Amino acid sequence: MSRAILGTLALAVSLNVAASAGEFNRKVSIGDAAPQFSELPAVDGENYSLADFADKDVLVMFVTCNHCPVAVAYEDRIIAFTEKYASEKDSKVAVVAVNVSNMEADRLPKMQERAEEKGFNFHYLYDESQDLGRALGASVTPEFFVFNKDRKIVYMGAMDDNMQEPTTDFLAAAVDAALAGTTVETAETRARGCGVRYEKK
Amino acid sequence: MRGVRHSAQLFTVSVALLCGCDQASDPSRIQRGAEGVPSAPRSSSVPKKDVALELVSCEQWDQRLASQRGKIVVVDTWATWCLPCMEEFPKLVALHQKYSDDGVVCISVSVDEPEQRESVQDFLNRQRADFANFLIADESNAWWDKWNIKGVPIVLVFDAGGTLVQKFDRDDPDRQFTYMDVEKLVVELLSIEPESTVLRSSLP
C-alpha cells in the first residue's frame, strides 16, 4: 500500500517543470544570455562563432533542418525575413540558422545542396555536437530566438502564429522592438514543428 | 518526402519481419473477395484489411477517451511527416501486444492534415496498429493547443479514472522520453490498480 502512495507521489513530483526555464522552453528563460558557440562549419565553407556577429545590434538564430516539412514550409518566409532585415553588409541584424540533426539528410553536404537550391540568404551552420541546440533548449524545428545588443534573449518560440496563413508575425515584431530598444510585447510563444532527437550523452 | 516514405517502409518491413508477423499476400495479385487464396507468394506489402482509423474532432475524441474509463490509456500523437514518430510507432504496437490483456488501451492520434488520410491509413496498416487510431479533423492547431504540444511524438498516459497522469515529450533536450519510460509508468499504474487487471486466459 505504501509503495503505491510513494509511486503516486513520485509521479506528482515529476510533473512539475524545472525551476528556471521559460513558459514553453524547458532550458532557457527570457533574459538569459546567448549560449556560446565556436567555429561551427557553415554552408559557405567558413566557420562561425558567436563573436563573429558582435557588430550586429540584433542576432536572430533559429534551429532548423533539411528534412522537416514544417521547417521547409518556413523557408520562403525566412528568406523574405532575412531579405528585409539582414541583406546588407551594414544591416543591424544577422540571421543565423543552425542544424543540430544527426540524420544523413541533415548533414553539411545536404545542407549545402538545399542552401544552393533555395538560395538561402542567411547563415546556415551545422552543429554536430548538438550542444548549441541543447543550450538553447531547442526541441523542434524550426525554433526561433532573438538576442538583443547585450545578447540576451528577448524572444523565443515560433516565427508566427500559423503555418499556413499567419496573422501575427511574432519574430518580426520582436526584432523591431529589439532594434528600437523597446520591450517585446510577446516575448515567448510555443514553437511548433518536428521534434529534434538528441543523442544521449 | 519520398526519402521519408522509403525509409519508413524499410523500417516497417524489418519490424514486421522481426515480429514474425503474418504478412498478407499482395492484394493486387489475387482476386478480390477470394478469402484464403494461397497462391500469391508471401510479400511484405500492405495487409488487405484496413486497421481502424476514425476522423474525429477534439470533442469527439474526448468522448472516445471517456468510453475507456476503467482502463489505463496510452495515447501516441504522431504524424507521417515526423520521422522520429514513425520510428517509435512499433513500440506502441508492442506495448499493445504486451499489455492489452491487462486492461491497457493503446491509441494513436495523427496530426496530419485530413487530406493525408490515405497515407495515414497506409502507415497504420503496415504497422499492424490493431487498436483505435484517430486523425484529428479540427483545424491544425486544436490538438496541439489542447495538450500544449511543442513537438511530436508525445505520449499521454491516462489512469483508469480518466485522469491524465503524465505527458511524455521531448521538449527538454536532456530528458527526452523513450518507450521504456512509458512502459515503466504503465507497469506502475497496473500495480497500483489491481482491480483493473483482467483475468488472463489460462492458455499456456
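The values are calculated or read from the model by the stated rules, or taken from the named source; none is laboratory data. Bear in mind that the values here come from a model prediction, so they are computed numbers and not experimental data. We place every Cβ from the backbone using ideal geometry, glycine too, and count neighbours over all the protein chains shown. With ligands, DNA and RNA removed, areas are computed over all heavy atoms of the protein, side chains included. Shrake-Rupley method; radii C 1.70, N 1.55, O 1.52, S 1.80 Å.
The set of residues in the range B:140-166 that are of a type in the set (Lys, Arg), under 20 Å from residue B:63 (Cα atoms) and facing chain A (nearest Cβ under 8 Å) is empty.
Conditions (1) open to solvent by 30 Å² or more (accessible area, probe 1.4 Å); (2) more than 25 Å from residue A:68 (Cβ to Cβ); (3) within 14 Å of chain A (Cβ to nearest Cβ), marked per residue:
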{"site": "B:51", "(1), (2), (3)": "no, yes, no"}
{"site": "B:66", "(1), (2), (3)": "yes, yes, no"}
{"site": "B:70", "(1), (2), (3)": "yes, yes, no"}
{"site": "B:79", "(1), (2), (3)": "no, no, yes"}
{"site": "B:97", "(1), (2), (3)": "yes, yes, no"}
{"site": "B:113", "(1), (2), (3)": "yes, no, yes"}
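Scanning the range A:156-171 for residues that are under 14 Å from the mean Cα position of the chain (by Cα) and among the aliphatic types (A, V, I, L, M) gives A:156, A:158, A:159, A:171. Taking first residues from the range A:53-76 that are under 22 Å from residue A:88 (Cα atoms) and partners that are open to solvent by less than 10 Å² (accessible area, probe 1.4 Å) and assigned to a loop (DSSP other than H, G, I, E, B), the Cβ contacts under 6 Å between residues at least 6 apart in sequence or on separate chains come to A:62/A:142; A:74/A:142. Annotation: residue B:45 fulfils all but one of (1) modelled with pLDDT under 95; (2) within 25 Å of residue A:195 (Cβ to Cβ); the unmet one is (2).
Within the range A:90-126, restricting attention to residues that are under 19 Å from residue A:178 (Cα atoms) and open to solvent by 40 Å² or more (accessible area, probe 1.4 Å), the residue that is modelled with the lowest pLDDT is A:90. Would you be able to say whether some residue in the range A:52-75 is within 18 Å of residue A:113 (Cβ to Cβ), in contact with a Leu (Cβ under 6 Å, 6 or more places away or on another chain) and either within 14 Å of chain B (Cβ to nearest Cβ) or small (Gly, Ala, Ser) (or both)? Within the range A:52-75, not a single residue is within 18 Å of residue A:113 (Cβ to Cβ), in contact with a Leu (Cβ under 6 Å, 6 or more places away or on another chain) and either within 14 Å of chain B (Cβ to nearest Cβ) or small (Gly, Ala, Ser) (or both). Filtering the range A:27-52 to residues that are closer than 19 Å to residue A:177 by Cα and of a type outside the set (Gly, Ala, Ser) leaves A:30, A:32.
Among the residues of the range B:171-185, those identified as open to solvent by less than 30 Å² (accessible area, probe 1.4 Å) and in contact with a Lys or Arg (Cβ under 7 Å, 6 or more places away or on another chain) are B:171, B:172, B:173, B:176, B:177, B:179.
How about the range B:152-166: which of its residues are touching a residue at least 60 places away in the same chain (Cβ under 8 Å) and either in contact with an Asp or Glu (Cβ under 7 Å, 6 or more places away or on another chain) or open to solvent by 20 Å² or more (accessible area, probe 1.4 Å) (or both)? If the condition is that a residue be touching a residue at least 60 places away in the same chain (Cβ under 8 Å) and either in contact with an Asp or Glu (Cβ under 7 Å, 6 or more places away or on another chain) or open to solvent by 20 Å² or more (accessible area, probe 1.4 Å) (or both), then B:153, B:154, B:155, B:159, B:160, B:161, B:162 are the ones that fit. Of the residues making up the range B:132-173, those that are of a type in the set (S, T, N, Q), part of a loop (DSSP other than H, G, I, E, B) and within 15 Å of residue B:68 (Cα to Cα) number 1.
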